[in-house]
1. In region 1-24, which residues are part of a loop (DSSP other than H, G, I, E, B) and either farther than 14 Å from TYR200 by Cβ or among the hydroxyl-bearing types (Ser, Thr, Tyr) (or both)?
2. For LEU166, state whether it is more than 16 Å from the chain's Cα centre (by Cα) and open to solvent by 70 Å² or more (accessible area, probe 1.4 Å).
3. Can you find even one residue in region 31-44 that is at pLDDT 95 or above, open to solvent by less than 60 Å² (accessible area, probe 1.4 Å), in a helix (DSSP H, G or I) and farther than 19 Å from SER133 by Cβ?
4. Could you please give the count of residues in region 169-185 that are of a type in the set (Ser, Thr, Tyr) and open to solvent by 50 Å² or more (accessible area, probe 1.4 Å)?
5. Of the residues that make up region 132-140, is at least one open to solvent by 70 Å² or more (accessible area, probe 1.4 Å), touching a residue at least 12 places away in the same chain (Cβ under 8 Å), within 17 Å of ILE84 (Cβ to Cβ) and not hydrophobic (A, V, I, L, M, F, W, C)?
6. Given the structure, is ILE54 touching a residue at least 24 places away in the same chain (Cβ under 8 Å), assigned to a helix (DSSP H, G or I), within 26 Å of SER217 (Cα to Cα) and of a type outside the set (Lys, Arg)?
7. Select from region 89-100 the residues that are surrounded by 15 or more Cβ atoms within 10 Å (Cβ to Cβ), within 16 Å of ALA152 (Cα to Cα) and hydrophobic (A, V, I, L, M, F, W, C) and list them in ascending order.
8. Answer with yes or no whether LEU136 is in contact with a Gly (Cβ under 7 Å, 6 or more places away or on another chain) and either closer than 23 Å to TYR50 by Cβ or modelled with pLDDT under 95 (or both).
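The values are calculated or read from the model by the stated rules, or taken from the named source; none is laboratory data. Values in this document were obtained by computation on a predicted structure and should not be read as measured data. FYI the Cβ positions are ideal-geometry reconstructions off the backbone, even for glycines, and counts take in every protein chain you see. Areas reflect the complete protein model, heavy atoms only, side chains present, ligands, DNA and RNA absent. Shrake-Rupley method; radii C 1.70, N 1.55, O 1.52, S 1.80 Å.
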Amino acid sequence: MDIGKSFSFVFEDNEWITKVLIAMGILLGGTALGILVIPAILAALLLSGYGLEITRRIIRGESQVLPEWDDWGTLLSDGLQVAIIGVVYALPIIAVSICLGTPLSFMSETSAAATIFGSFMGCLDLLWGIVLSFLLPAAIGKFAAEGDLGAAFRFGEVLVLIRDNLTTYVVLALMVWVTWVLASLGVIVCLVGWLFTIPYATFVVSHLYGQAYLQASGQ
């Protein structure tokens, strides 16, 4: 994978400033009206759909990677499907958390049992988060490539794709973590910096997803 390209491609678009500003405006609007919940969800779906289109264009080998903000309905639809993929792959840890969280709710917060249960749940969340950092890129890559939501849920094919290209997906997982850590610096360095770093990180990660799928599928 050309990791450097994933960080630089945004600035190669002649209209990158306008496109990034629109993404920042969507994020700001969703955050400002986040108390209403729905605007925040819509903002997240739009950014996810935009990211999926970047992944799709990388896989197709299109020259203009950064899409226009001109088909909001499709972006929302794509973002919703990406969200569905995320929820389905998170179901195991959600189910375990519910099962373990039910007895935990009857325990005293200061009891030893509550501490043990809480620590165990935290470890499980971390482990499944690591697993998801491999599963989601492969599943989303298949969805972007085949244009069929069902492709993301052909679990056997997703696992084989990862198994046969483990190095690629290990590198991808590490780079995704690094990218989001760097994006979080937008909050630390400047209170409004995250308005740029979060959309930018979304674009970078989406580019990496496309590259990883191309390499894994031998294209």
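1. The answer is MET1, ASP2, ASN14, GLU15.
2. Yes; evaluated as a whole, the condition is true for this residue.
3. The answer is no, given that none of the residues of region 31-44 is at pLDDT 95 or above, open to solvent by less than 60 Å² (accessible area, probe 1.4 Å), in a helix (DSSP H, G or I) and farther than 19 Å from SER133 by Cβ.
4. 1
5. no
6. When the stated conditions are applied, ILE54 passes them.
7. Within region 89-100, ALA90 is the sole residue that qualifies.
8. Criteria met by LEU136.
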